[in-house]
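The next block holds one structure in the form of structure tokens; read it before the comments.
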Amino acid sequence: MSTQQGFAGIGQSDRTAPTPLLPVSLENVCFGVNGADLLHDVSLTIGPGNRTVIMGPNGAGKSLLLRLMQGLISPTRGKLTWRRDWNSRQGTQGGTPGSATGGMPSGAPPVSIVLQRPVLLRRSVAANLTHALRVLRVPRAERAARLEELLTLGNLQDRRDQPARSLSGGEQQRLATVRALAASPEMLLLDEPTASLDPQATHAIEGLIQSSHERGTKIVMVTHDMGQAKRIADEVVFVSQGRIAEFTPAETFFTQPQSEEARAYLSGQLVI
Amino acid sequence: MQELQSAFWEAGRLLLTFDSDLTEIVFLSLRVTLSAVFIGCLIGFPFGAFLAVARFPGRTVIVVIVNAFMGLPPVVAGLFLYLLLSRSGPLGPLALLYTPTAMIIAQAVLVTPIVTAMTRQVVEDLYQEYDEQFRSMGLFGARAVPSLLWDARYSLITGALAGFGRAAAEVGAVLIVGGNINHVTRVMTTTIALETSRGNLSLALGLGLVLISLSLLINAAVMSLRGSAKRLAYV
Ligand SMILES: Nc1ncnc2c1ncn2[C@@H]1O[C@H](COP(=O)(O)OP(=O)(O)OP(=O)(O)O)[C@@H](O)[C@H]1O
Ligand SMILES: [Mg+2]
């Protein structure tokens, strides 16, 4: 059992430890649309614990990479393997209920994503979260308490009855983030969660990310914000033109980038 | 000219005194049309949503047929229903011909395609927008339908009102299967047709005014719905 405690920061000693979700490996993964490859031969293994930041120019394929991991798209060629197999229709297979933050029914997908353009429902803030809890099959009796927890987490208590789509950009992003956390995911994928947010709103989101990390949720985040990358990253995946240009620890990446593309990107040059 | 003027006055008097014939007719009309719209929504919302999210061979054909049925001429609908319900028809034993129930069925036949088609369109657009988000949350296909219907609620009510407008203004179908029998199956549109041909303009005018007000009311409701949907940023 002790070999399965590699998952960062979960104290589940009183429970049979589930098979860890991670690492996830991509082996020669290609993704194409209409015959044109958008991701070429991506091989990458993402392990538990470290906060992984994905960087790269616009159109490099960062969002596609996240959507592959979430299971929203499937590789055209190649293989994506989780240590513990799951698919979004059935949720976790073989894992016992309970995840990084505990207590979710095993039907909940163990991976959550905050899309680059999150879609909020045409309902109030609270109703958006309640909907997510209902979809996750959280028992009715527990929903109210979970709702309060999530509202507090996102600092949205005062906005609970406001139509979600009338929230400010930063508030919408906070709502989308706590909604993704409603599933108590073991892995959280964030696609530019703070693009176009002011420093304070950015700080709030980073706080949410940090606290999930501390609770043991694996963080994978796409960002263009260098400062943010430096604050959050333990390791950096650099994507360029549909390929992984490098995958290095954060210190190495920011001081001595290994690839030509990353060097150019970091020095503010155009990566062609 | 004189005659027209006095007909107007008489119509006004009928309306203001809640003339018993007139109110009876108005209430039957509302009962028939509201029931038809209710049935239309009961069928049209889930069926339209199903067509929006399901993918199966023949789906496009069904969508085209439903859309075509939106323009079904009421008299044709009435005729088919008449053939079904007439004493020698397959549903003859039910003895529904020339009853309000037959009129409700006839209008439901007209309303259901409208509600179905509008629901399909609205829900399909919404589904495109929500699809990836929903799939990421583990919400697929039919399980997404209630969420989609709820989020489409403003547009769906508008669709139902459109159906109501069509049914309330329709004369052919209810005339054929209802027969316009005094105190039994006379509704506003059939009464207007009959009384006008008989030269009894005042009752026809009074009912005409009610119909127009109803139509104004529906359109005002649609506008204010749209307004509140916009205010809530639900558009
Ligand atoms: N469904 C699709 N059909 C055609 N091309 C697509 C499709 N999805 C993505 N692409 C293309 O694939 C490339 C990578 O897209 P992706 O969204 O992953 O970029 P990104 O790295 O996230 O960029 P950004 O920083 O701008 O968000 C882009 O050039 C995009 O136009
Ligand atoms: Mg992107």
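The values are calculated or read from the model by the stated rules, or taken from the named source; none is laboratory data. Being a predicted model, the structure only gives us computed values, none of them experimental. We place every Cβ from the backbone using ideal geometry, glycine too, and count neighbours over all the protein chains shown. Just so you know, the surface numbers come from the protein's heavy atoms only, side chains and all, with ligands and any DNA or RNA stripped out. Shrake-Rupley method; radii C 1.70, N 1.55, O 1.52, S 1.80 Å.
A few remarks follow.
- For chain B: relative contact order, % (alpha-carbon pairs under 8 angstrom, 6 or more apart): 31
- Distance from the range A:156-189 to the range B:170-185 (C-alpha centre basis), Å: 55
- With the simple model of a label 7 Å out from the Cα in the direction of the Cβ, B:Arg31 to B:Ala169 spans 2.6 nm.
- Label-to-label distance, nm, for residues given as A:Glu214 and B:Arg231 (7 Å Cα→Cβ offset): 4.3
- Interface residues of the range A:115-137, defined as those with an accessible-area decrease of at least 40 Å² between the chain by itself and the complete set of protein chains (probe 1.4 Å), are A:Leu115, A:Val119, A:Leu121, A:Arg122, A:Arg123, A:His131, A:Val135.
- Degrees between helix B:2-16 axis and first principal axis of chain B (Cα, 0 to 90, nearest 10): 60
- Surface per residue (accessible, 1.4 Å probe) for chain A, Å²: 43
- Rounded if a/c under 1.5, otherwise prolate or oblate - the protein assembly as shown, Cα gyration tensor axes: prolate
- Computed accessible area, A:Asp225, all protein chains, 1.4 angstrom probe, square angstrom: 60
- Heavy-atom accessible surface that A and B bury in contact, both chains counted, 1.4 Å, Å² to 100: 2200
- B:Tyr130, B:Tyr234, B:Tyr154, reordered so the largest accessible area comes first (probe 1.4 Å): B:Tyr154, B:Tyr234, B:Tyr130
- The largest-to-smallest principal axis extents of the Cα set in the range A:171-214 are 28, 19, 15 Å.
- Antiparallel %, DSSP beta bridges [both residues in chain A], to 5: 55
- Interface residues, the range A:147-173 - accessible area loss of 40 Å² or more versus chain alone, probe 1.4 Å: A:Pro163, A:Arg165
- Cα gyration tensor, the range B:23-187 - rounded (a/c under 1.5), prolate or oblate: prolate
- With all protein chains modelled, accessible area of B:Glu132 [1.4 Å, Å²]: 50
- Mean ellipticity per residue at 222 nm, deg cm²/dmol - from DSSP H runs of n ≥ 4 across chain A, formula -39500 (n - 2.57): -9000 deg cm²/dmol
- Going by accessible surface with a 1.4 Å probe and the largest first, A:His213, A:His224 read A:His224, A:His213.
- When A:Arg134, B:Arg186, A:Arg67 are compared by accessible area at a 1.4 angstrom probe, the order from most to least is A:Arg134, A:Arg67, B:Arg186.
- Think of a 1.4 Å ball rolled over the protein heavy atoms: the range B:23-187 then has 44 Å² of accessible area per residue.
- The protein assembly as shown - percent of accessible surface contributed by carbon and sulfur, probe 1.4 Å: 59
- Nitroxide proxy distance, nm - points 7 Å out along Cα→Cβ at A:Arg140 and B:Phe140: 2.7
- Measuring only protein heavy atoms, the 1.4 Å probe finds A:Ile113 accessible over about 10 Å².
- Peptide B:135-145 has a mean shielding of 6, counted as Cβ atoms of other protein chains within 10 Å of each residue's Cβ.
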